[in-house]
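**Student:** Shown below is the structure under consideration.
The values are calculated or read from the model by the stated rules, or taken from the named source; none is laboratory data. Here the structure is a predicted model, which means the values were calculated and not measured. Positions of Cβ are backbone-derived with ideal geometry, glycine not excepted, and every protein chain shown enters the neighbour counts.
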Amino acid sequence: MTYWLNPIFYEFIKFRVLLFIKGFKRVQQNKIFIGSILFASFFLQCYECSDEYFGIPILLNGKKEREIMKSGLSKALVTGGAGFIGSHLVDTLVKEGCDVVVLDDLSAGSLSNLKHVKDKITFYKGNIQDQKILMKAAENCEVIFHQAALVSVTKTVDNPVDSAFINDLGTLLVLDAGRKNKVKRVVFASSSAVYGDDPLLPKHESMQPKPMSPYAVQKLTGELYAHIYYDLYGIETVCLRYFNVYGPRQDASSPYSGVISIFMAKAVSKKPSLIYGDGKQYRDFVFVKDVVKANLLAATAEDAAGQTFNIGTGKHVSINTLWDMICLLSGLNIKPEYAPPRPGDIIESVASIEQAKSALGFKPDYSFEKGLEITFKWYKDSRK
Ligand SMILES: NC(=O)c1ccc[n+]([C@@H]2O[C@H](COP(=O)([O-])OP(=O)(O)OC[C@H]3O[C@@H](n4cnc5c(N)ncnc54)[C@H](O)[C@@H]3O)[C@@H](O)[C@H]2O)c1
């Protein structure tokens with residue numbers, strides 16, 4: 001249904017119909033050559049739009065997604081590959097013909113995120129702290145994309161020690177498995193949480209980190225280990241500080257989930273959302289496919305080794321605006337409920353992505369409206 005209502009879809013249709021009519025007129029006027037060129041463009045357009053992403057044809061700056069991302073990686077390990085971001089990364093790597101290994105203990109991820117690629121990947125159910133399985137999974141890999149983590153800030157506040165075993169020791173073990181297996185590069189999923197509540201905006205990589213939760217300390221420690229592994233052992237490491245990632249498959253079932261997934265789930269079930277604080281706090285929301293793109297660039301860009309990059313959009317959206325936009329998408333008119341701010345929550349956050357642009361060639365392809373529309377359609381469809 002959304003497919004037919006989608007404005008992008010109508011733009012494509014309009015353009016293609018125009019090409020067809022113009023071609024037809026030229027042929028009628030015996031201008032066969034020009035007519036054939038217009039017809040050829042018409043068919044090319046049809047072909048270009050034949051790919052669908054969750055039912056919506058996607059053209060990104062005139063190129064199809066698979067044309068933009070060609071990393072040429074032969075074999076890669078994705079830790080946490082059954083999770084939200086990891087599974088999208090796996091999808092793209094598989095599409096590109098890469099031999100993909102996934103290591104995930106399924107503590108938060110799900111095999112259903114990988115069901116469409118299950119025959120094309122090697123899956124290990126296991127903990128990154130299990131060195132034996134980690135070494136096996138990293139065997140002959142060119143790159144490790146380290147996504148596995150305990151991602152809930154609140155859970156790390158409640159369990160600082162247990163979470164450190166996963167997020168600190170786990171990252172160290174992944175780096176070491178990379179070193180011992182002579183993996184060329186490790187791309188580490190860090191977080192914008194390392195900046196804490198420093199009021200300076202946009203957040204720039206050269207700013208002094210100010211972690212405010214065990215989660216942020218753990219991510220920063222992972223970055224430091226990554227740098228040390230590059231300096232001491234020459235294993236190429238790249239750290240990506242993701243800002244607020246959203247998209248299909250983000251788990252909305254826990255109170256610790258990302259705000260967009262929770263709001264989407266509420267909107268789909270026609271319930272009001274709960275906003276902590278006054279809702280004026282804003283975030284830099286980045287679509288998951290753009291995060292995948294950043295990972296692939298980080299895995300291949302020549303001068304990226306040893307560096308840390310912000311991955312966001314450089315734009316910000318307030319939580320109140322987010323709820324309004326979701327209401328607009330879902331045709332709802334429900335006022336949100338408000339609760340006191342949560343401890344450890346960051347008030348304002350927006351990324352400077354200049355460094356990722358210049359060193360990685362990173363530029364987000366998805367506008368917030370487009371990403372939100374794709375995400376909403378997914379939440380709606382997955383309820384059916
Ligand atoms: N989602 C965001 O907005 C965001 C923002 C900043 C950083 N990050 C980072 O990106 C990465 C991916 O996050 P996500 O949102 O996809 O979370 P997710 O919870 O969906 O994915 C994490 C995956 O890691 C797996 N995992 C957890 N502990 C493990 C362990 N000990 N051994 C093996 N597997 C384990 C989980 O089962 C899950 O599949 C994480 O490192 C997270 O800290 C995410």
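**Student:** Any idea which of Asp251, Asp303 is within 16 Å of the ligand (Cβ to nearest atom), of a type in the set (Asp, Glu) and at pLDDT below 95? Quick ask: steps written out before the conclusion?
**Tutor:** Numbers: Asp303 fails: within 16 Å of the ligand (Cβ to nearest atom).
Exactly one residue qualifies, and that residue is Asp251.
**Student:** What pairs come out if I take residues in segment 298-316 that are closer than 9 Å to Ala356 by Cα and of a type in the set (Val, Ile, Thr) and pair them with residues that are assigned to a loop (DSSP other than H, G, I, E, B) and at pLDDT 95 or above whose C-beta lies under 6 Å away, six or more apart or interchain?
**Tutor:** So the pair list comes out as Thr308/Glu205.
**Student:** Also, I was wondering about something else. Here is a check on your reading of the model: is Gly222 on the phi > 0 side of the Ramachandran plot and either surrounded by fewer than 23 Cβ atoms within 10 Å (Cβ to Cβ) or assigned by TED's automatic domain parsing to the domain that holds Gly170 (or both)?
**Tutor:** Working: on the phi > 0 side of the Ramachandran plot: no; either surrounded by fewer than 23 Cβ atoms within 10 Å (Cβ to Cβ) or assigned by TED's automatic domain parsing to the domain that holds Gly170 (or both): yes.
For Gly222, the condition - on the phi > 0 side of the Ramachandran plot and either surrounded by fewer than 23 Cβ atoms within 10 Å (Cβ to Cβ) or assigned by TED's automatic domain parsing to the domain that holds Gly170 (or both) - is not met.
**Student:** May I pose another question? In segment 198-248, which residue that is outside any loop (DSSP other than H, G, I, E, B) and of a type in the set (S, T, N, Q) is farthest from the ligand (Cβ to nearest atom)?
**Tutor:** From segment 198-248, those outside any loop (DSSP other than H, G, I, E, B) are 203, 214-233, 236-242, 244-246; that's our starting set.
Keeping just the survivors that are of a type in the set (S, T, N, Q) gives 218, 221, 237, 244.
Working: Gln218: 9, Thr221: 13, Thr237: 15, Asn244: 5 Å.
The residue in question is Thr237.
Okay, residues lined up against (1) charged (D, E, K, R); (2) touching a residue at least 60 places away in the same chain (Cβ under 8 Å); (3) in contact with a Pro (Cβ under 6 Å, 6 or more places away or on another chain):
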| position | (1), (2), (3) |
| --- | --- |
| Leu173 | no, no, no |
| Ala177 | no, no, no |
| Lys182 | yes, no, no |
| Ser190 | no, yes, no |
| Asp197 | yes, yes, no |
| Gln208 | no, no, no |
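**Student:** Right, here's the next one. Can you tell me how many residues in segment 327-376 are charged (D, E, K, R), buried (at least 16 other Cβ atoms within 10 Å of the Cβ) and at pLDDT below 95?
**Tutor:** Looking only at that region, the number is 1.
Table: residues versus (1) within 14 Å of the ligand (Cβ to nearest atom); (2) of a type in the set (Lys, Arg); (3) closer than 30 Å to Ile262 by Cβ; (4) in a helix (DSSP H, G or I).
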{"residue": "Ala137", "(1), (2), (3), (4)": "yes, no, no, yes"}
{"residue": "Leu150", "(1), (2), (3), (4)": "yes, no, yes, no"}
{"residue": "Ile166", "(1), (2), (3), (4)": "yes, no, yes, yes"}
{"residue": "Arg179", "(1), (2), (3), (4)": "no, yes, no, yes"}
{"residue": "Lys182", "(1), (2), (3), (4)": "no, yes, no, no"}
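Okay, residues lined up against (1) surrounded by fewer than 16 Cβ atoms within 10 Å (Cβ to Cβ); (2) outside the structural domain of Gly258 (by TED's automatic domain parsing); (3) outside any helix (DSSP H, G or I):
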residue	(1), (2), (3)
Phe123	no, no, yes
Lys132	yes, no, no
Ile144	no, no, yes
Ser163	no, no, no
Leu172	no, no, no
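**Student:** Answer yes or no: is there a residue in segment 293-307 that is farther than 22 Å from Arg249 by Cα, polar (S, T, N, Q) and in contact with a helix residue (DSSP H, G or I) (Cβ under 7 Å, 6 or more places away or on another chain).
**Tutor:** yes
**Student:** Tell me yes or no: at least one residue of segment 71-94 is touching a residue at least 12 places away in the same chain (Cβ under 8 Å), crowded, with 24+ Cβ neighbours inside 10 Å, over 18 Å from the mean Cα position of the chain (by Cα) and within 15 Å of the ligand (Cβ to nearest atom).
**Tutor:** Within segment 71-94, not a single residue is touching a residue at least 12 places away in the same chain (Cβ under 8 Å), crowded, with 24+ Cβ neighbours inside 10 Å, over 18 Å from the mean Cα position of the chain (by Cα) and within 15 Å of the ligand (Cβ to nearest atom).
**Student:** Only one of Lys115, Lys155 is part of a helix (DSSP H, G or I) and at pLDDT below 95; which?
**Tutor:** Working: Lys115 fails: at pLDDT below 95.
Every option except Lys155 fails the conditions.
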